[in-house]
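Let me begin by presenting the structure, written as structure tokens, before commenting on it.
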Amino acid sequence: MSYEPEFEQAYKEVEDSLVQSTLFKHHPQYANVLKVLRVPQRIVQFRVTWENDKGEQEVATGYRVQLSNNLGPFKGGLRFHESVNLSVLKFLAFEQVFKNALTGTSIGGAKGGLNVNPQGRSDKELRRICQAFMAELHRHIGQDVDIPAGDINVGGKVIGLLFGAWRQYSNTFEGVLTGKGTNWGASPFRPEATGYGVVYITNDMIEYATKGKESIKGKRVAISGSGNVAQYAALKVLELGGTVVSLSDSKGAIVSESGISKADIEAVAAGKSDYKPLSAIFAESKSDIKFIPGARPWTNVTKVDVALPCATQNEVSGQEAEYLVKAGVKYVAEGSNMGSTPEAIEIFEKQRLAASSSSTDSGVWFCPPKLANMAGVMVSQFEMAQNSQRVTWEPEYVDSLIKKHMKEGLMLSIETASKYSNENTSDALPSLLKGANLAGFIKVADAMIDHGDVF
Ligand SMILES: NC(=O)c1ccc[n+]([C@@H]2O[C@H](COP(=O)([O-])OP(=O)(O)OC[C@H]3O[C@@H](n4cnc5c(N)ncnc54)[C@H](O)[C@@H]3O)[C@@H](O)[C@H]2O)c1
């Protein structure tokens, strides 16, 4: 077997949820699905070469992993980062398939990218990179075939350049990428969607676990990352009356006992659009914000109720999870894909199982990314729907749909976990990890069987 650690980690998490459940006992027809689904329907790997600003030729590898289009056209983001490789993209595409199923919309799963970090490159060079990347990718995508979106280092600016290149190569204007600009096909709330969705579902979890007695209001929330997801999650936490005690980037973390303000988050947004590190953004800050070089936030916050990993994969270790539990964390919802390591998830899940409803302690309730961060791709699907009709929906309508679908996804995961997860602890909250994996799997598996892909 090839050595693909990130993909194997994601696969094993889903496999464990299925094997430990009673699903196959009740529905033996699903037994062969996972072994078919672990092989992507198609992988495109291609050379991307361009001239850098020094006049030198650079070459990198571009990818698109089209994992399943059983529920709709392939859909998933593009990541431009030096860490991009086939293992990372297969893990992300695999996650995407189940996440997209959970949104309740008609989309399949894919992921792609380039093993280059565009940070620090000029706008002109960025345009050449995007044109070189799209020179090959355009052959494999289309509004009814595969609709890529953004991911790490692929924000609105890069999507614009990629779309421009697509228009030239294809001589068409169609909704082929999502995350578009406001005057050429965007959906309202696409930039905000993932971060807002993470906070909406966290709020729903708190209300469910406390039977409506508590909400995110008054809670201390540790957030990692400072990009798209982290910024909008932080803003929504403040709007709903919570306190944001941390943010981070790949160079370190900022923590604040009294709370990071809206103005601070706006400064992060402005600084990050110029690729500035947090250390530079807060170099002259007069508030109690402390920058800790090389650190992640988790062991640097004192008291915390909620943790929202929103940076990158495997960014919460087992040790950090233990620290978070001691610091009082009760809810963990992942904005980032595979934010917690398997060791960290095990600690959170053990805490959940150990708690009993007869005590006031509900343990730790962990929400996996395929459920917690699904609002991004959900609004991308809304963008596809709007583009097909050449209309733009009202922002309030999109926001209400995000709230509704997040709650429905949570309730479906709770119901599915209660039905199949095979835990004889009726006192504990249901496992959202298992519930989300099982609920997403059932939808995809049914379609694969209907299509004759599994027999
Ligand atoms: N943007 C979306 O709609 C969306 C949707 C679903 C999931 N996600 C996931 O959310 C996460 C963040 O994505 P984003 O869109 O905010 O990207 P972004 O490029 O806007 O921000 C990425 C953040 O991660 C940090 N980061 C990157 N590598 C790091 C490392 N090695 N160590 C510490 N920090 C690091 C960066 O400093 C930045 O704060 C990713 O896991 C992504 O797959 C994003």
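The values are calculated or read from the model by the stated rules, or taken from the named source; none is laboratory data. Source: prediction; values computed, not measured. Note that we place each Cβ from the backbone using ideal geometry, even for glycine, and neighbour counts take in every protein chain shown. To get the accessible areas, we keep the full protein, side chains included, count just its heavy atoms, and leave off ligands, DNA and RNA. Shrake-Rupley method; radii C 1.70, N 1.55, O 1.52, S 1.80 Å.
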Test set (1) closer than 26 Å to residue 74 by Cβ; (2) open to solvent by 20 Å² or more (accessible area, probe 1.4 Å); (3) not assigned by TED's automatic domain parsing to the domain that holds residue 312 - residue 183 fails condition number: (1)
Verdict on residue 187 being assigned to a loop (DSSP other than H, G, I, E, B), within 19 Å of residue 298 (Cα to Cα), of a type in the set (Ser, Thr, Tyr) and within 16 Å of the ligand (Cβ to nearest atom): no
Residues satisfying the stated conditions in segment 317-354, i.e. within 16 Å of the ligand (Cβ to nearest atom) and more than 24 Å from residue 215 (Cβ to Cβ): 317, 320, 337, 338, 341, 344, 345
Filter result for residue 195 (away from the ligand (no atom under 14 Å from the Cβ), within 30 Å of residue 279 (Cβ to Cβ) and of a type outside the set (Asp, Glu)): no
Residue within segment 291-311 that is farther than 16 Å from residue 259 by Cβ, of a type in the set (S, T, N, Q) and surrounded by 17 or more Cβ atoms within 10 Å (Cβ to Cβ) present: no
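Kindly indicate whether any position in segment 215-234 is among the basic types (Lys, Arg) and more than 23 Å from the chain's Cα centre (by Cα). Working first, answer last.
At the first step, the residues of segment 215-234 found to be among the basic types (Lys, Arg) are 217, 219-220.
Still in the running and more than 23 Å from the chain's Cα centre (by Cα): 217.
Yes, segment 215-234 contains a residue that is among the basic types (Lys, Arg) and more than 23 Å from the chain's Cα centre (by Cα).
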Enumeration of residues in segment 1-50 that are under 20 Å from residue 455 (Cβ atoms) and hydrophobic (A, V, I, L, M, F, W, C): 18, 23, 24, 31, 33, 34, 36, 37, 39
Any chance residue 19 is aliphatic (A, V, I, L, M), more than 22 Å from the chain's Cα centre (by Cα) and open to solvent by 20 Å² or more (accessible area, probe 1.4 Å): yes
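Please verify whether residue 201 is in a helix (DSSP H, G or I), within 16 Å of the ligand (Cβ to nearest atom) and in contact with a strand residue (DSSP E or B) (Cβ under 8 Å, 6 or more places away or on another chain), treating the condition exactly as stated.
The answer is yes for residue 201.
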Hits in segment 275-290 - residues which are under 21 Å from residue 302 (Cα atoms) and crowded, with 17+ Cβ neighbours inside 10 Å: 278, 282, 289
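Tell me, which residue of segment 209-266 that is part of a loop (DSSP other than H, G, I, E, B) and within 16 Å of the ligand (Cβ to nearest atom) is surrounded by the most Cβ atoms within 10 Å (Cβ to Cβ)?
Looking at the filtered set, the residue picked out is 225.
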Residue pairs meeting the criteria (Cβ under 8 Å; at least 6 apart or on separate chains; first free of Cβ contacts under 8 Å to residues at least 60 places away in the same chain, in segment 161-173; second hydroxyl-bearing (Ser, Thr, Tyr) and surrounded by 15 or more Cβ atoms within 10 Å (Cβ to Cβ)): none
